[in-house]
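The values are calculated or read from the model by the stated rules, or taken from the named source; none is laboratory data. If you're wondering where the values come from, they're calculated on a predicted model, not measured in any experiment. Cβ placement follows ideal geometry from the backbone for every residue including glycine, while neighbour counts extend to all protein chains displayed.
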Amino acid sequence: MRNRLTVASLAAAAAAVVAVSLTPVRVAGQAPQAQASAAVPASRAPDGKPDFSGFYQAPVGAERGPRFSPSKMAPFKPGGEALFYEMRNGDPFHDEPRDFCWPSGFPWGFLAPYPVQIVQTPQFMVMVHEFQRLTRIIPLDGRPHSAKVEPSYGGDSVGHWEGDTLVIDTTNYKRWGLDDYHYVDPTKNRMHSDAFHTIERISRNPNGLNWQITIDDPKIFTAPWSEDFLMRAHPEWAKDGLFEFVCQENNRCPAGKCGDGK
């Protein structure tokens, strides 16, 4: 049986990842490491492009948790550090909005340790993350970014192919959390600005997908910076598919801790 984390238990799970950072992470349904390392057949779609359709573990990087590595980050601009680290203030709506079913957004939610299903067509790449059912529908037809949508948690994504590498460019984000760093340092959140821009480069490797993300946030950093992650393939998850993820809107019990008769 695959184990599932709830929003309320995500903090504990993140803390556990930190405590065992030198131990291979076992996430939802991940096979033992010897089995998980089996080579994945390189298939191609009818249009000749690599076919990434399938089930994968969410991206895992050097931190072995849903966080970016400080060593990969560019230097801060003057005033950028204060914009990047936002102090937590005890208000759960601010400190952990996911407890109230607010979206994690991208890339924060995409790093959560849950399965990801990819469905690829010549026109679209669809990525469905089991956590919060984060769904990305990325057009691959060469269209420009939309000028008619408001900033959002997940931004506006468009994709194109460069050889066998899929490049996804995303802009038009609203200011929101970057990752789960606040479970390492509970005094502050890592945030991105409303000028946030990401570029993903996805390619096949023998064990799944290489997922590289470039962070370009000119209000915070002096230059763009990149980090490489692995999305390990798990074809055995196809028999069960993604599990339902339910979050009750207007949750009144932050982190699952109800009190005062409320």
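Some notes on this structure:
- Search result, residues across the stretch 111-143 that are free of Cβ contacts under 8 Å to residues at least 60 places away in the same chain, under 14 Å from the mean Cα position of the chain (by Cα) and crowded, with 18+ Cβ neighbours inside 10 Å: 127, 134, 136
- Residue in the stretch 57-72 that is within 20 Å of residue 157 (Cα to Cα) and not hydrophobic (A, V, I, L, M, F, W, C) present: yes
Table: residues versus (1) more than 25 Å from residue 234 (Cβ to Cβ); (2) out of contact with any strand residue (DSSP E or B) (no Cβ under 9 Å at 6 or more places or on another chain); (3) of a type outside the set (S, T, N, Q).
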position: 93; (1), (2), (3): yes, yes, yes
position: 101; (1), (2), (3): yes, yes, yes
position: 120; (1), (2), (3): no, no, no
position: 124; (1), (2), (3): no, no, yes
position: 144; (1), (2), (3): yes, no, yes
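- So residue 185, is it free of Cβ contacts under 8 Å to residues at least 12 places away in the same chain and either closer than 20 Å to residue 76 by Cβ or not in a strand (DSSP E or B) (or both): yes
- Number of the condition not met by residue 128 [criteria: (1) in a strand (DSSP E or B); (2) under 24 Å from residue 236 (Cβ atoms); (3) touching a Phe, Trp or Tyr at 6+ places or on another chain (Cβ under 8 Å)]: (3)
- A search for C-beta distances below 8 Å between a residue of the stretch 90-101 that is without any contact (Cβ under 8 Å) to a residue 60 or more places away in the chain and any residue that is in a helix (DSSP H, G or I) and buried (at least 17 other Cβ atoms within 10 Å of the Cβ), counting only pairs 6+ apart in sequence or on different chains, returns 93/100.
- Of all the numbered requirements in (1) of a type in the set (Lys, Arg); (2) without any contact (Cβ under 8 Å) to a residue 40 or more places away in the chain; (3) surrounded by 18 or more Cβ atoms within 10 Å (Cβ to Cβ), residue 190 misses one, and that requirement is (2).
- Considering each residue of the stretch 49-59 in turn, none proves to be within 27 Å of residue 214 (Cα to Cα) and at pLDDT below 90.
- Candidates in the stretch 213-245 are the residues that are in a strand (DSSP E or B) and of a type in the set (Val, Ile, Thr); of these, the one that is farthest from residue 84 (Cα to Cα) is 213.
- Every condition in (1) more than 17 Å from residue 114 (Cα to Cα); (2) under 13 Å from the mean Cα position of the chain (by Cα); (3) among the aromatic types (Phe, Trp, Tyr) holds for residue 229 except the one numbered (1).
- Qualifying residue in the stretch 239-260 (condition: under 25 Å from residue 42 (Cβ atoms), modelled with pLDDT of 95 or more, of a type in the set (Lys, Arg) and touching a Pro at 6+ places or on another chain (Cβ under 7 Å)): no
- Every residue from the stretch 155-184 that is closer than 20 Å to residue 94 by Cα and out of contact with any Lys or Arg (no Cβ under 9 Å at 6 or more places or on another chain): 173, 174, 175, 176
- Residue list for the stretch 157-187, filter: small (Gly, Ala, Ser) and buried (at least 20 other Cβ atoms within 10 Å of the Cβ): 157, 159, 177
- Near pairs, Cβ below 8 angstrom, 6+ apart or cross-chain, from the stretch 58-69 (outside any loop (DSSP other than H, G, I, E, B)) to any residue that is among the hydrophobic types (A, V, I, L, M, F, W, C): 60/25; 60/229; 60/230; 60/231
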